[in-house]
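Just so it is clear, none of the values below were taken in a lab; they were calculated from the coordinates. Fair warning: this is a prediction, and the values are worked out from it, not measured in the lab. Counting neighbours? That spans all protein chains shown, and the Cβs are built from the backbone with ideal geometry, glycine included.
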Amino acid sequence: MSHHKEQYASLLKKELARFFDHHVPRPEGTLISVTRVDLNESDSRAMVWVSLYPDTTAKEIFASLKEYEAEAHRYLADVVQRRTLPFIVFMLDTNHDAHLRFDV
């Protein structure tokens, strides 16, 4: 991945994390974390990988998150200085738990 694309993915990751914190309602004690953002070759699609804690409610919370993809795109349009923005697709990162076990 080029340096420019890495910087852009990092900016999207940071702003989407802020979007989740301020604009997405969730049950008390629930954590939504953006683990990575993958952009396609033309930067027209962003796969936003999120991990959810606790795992017991992850599938239900993720189902409700999918409803916020369009709103996330509008939020990015307001805060990111780009002529065009990628189509946002949220993906549930189930491998993140395995990484946590090895990192500890």
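Highest GNM mean-square fluctuation, the chain, Cα pairs closer than 10 Å: which of L31, L65, L52? Taking springs between Cα atoms under 10 Å, the residue moving most is L31.
Computed from phi, the 3J(HN,Hα) profile of the range 50-67 under the Karplus parametrisation 6.51, -1.76, 1.60 (θ = phi - 60°) reads 10, 10, 10, 10, x, 4, 5, 10, 4, 5, 5, 5, 5, 4, 6, 5, 4, 6 Hz, with x in place of Gly and Pro. For K13, a cut-off of 19 angstrom between C-alpha atoms picks up these lysines, skipping any fewer than 8 places away in its own chain: K5, K66. Comparing I32, L52, L85 along the charge dipole axis of the chain, the residue lying farthest to the positive side is L85, per the Cβ-charge model.
Going by neighbour counts of Cβ atoms within 10 Å, the residues F62, F87 line up, fewest first, as F87, F62.
Computed over the alpha-carbon atoms, the range 3-103 gives an Rg to Rh ratio of 0.96, Rh here being the Kirkwood radius from the mean inverse distance.
For the chain, give the share of DSSP beta bridges that are antiparallel, in percent and rounded to the nearest 5; count only bridges with both residues there.
55
The eigenvalues of the Cα gyration tensor, multiplied by 5 and square-rooted, give the range 20-72 an equivalent ellipsoid with semi-axes of 22, 12, 9 Å from largest to smallest. Under 5 Å between amide hydrogens, built in the peptide plane, is the criterion, and for M91 it picks out V48, W49, V50 among residues at least 5 positions away or on other chains. Estimated from helices alone, the mean residue ellipticity of the chain at 222 nm is -14500 deg cm²/dmol (sum of -39500 (n - 2.57) over DSSP H runs with n ≥ 4, per residue).
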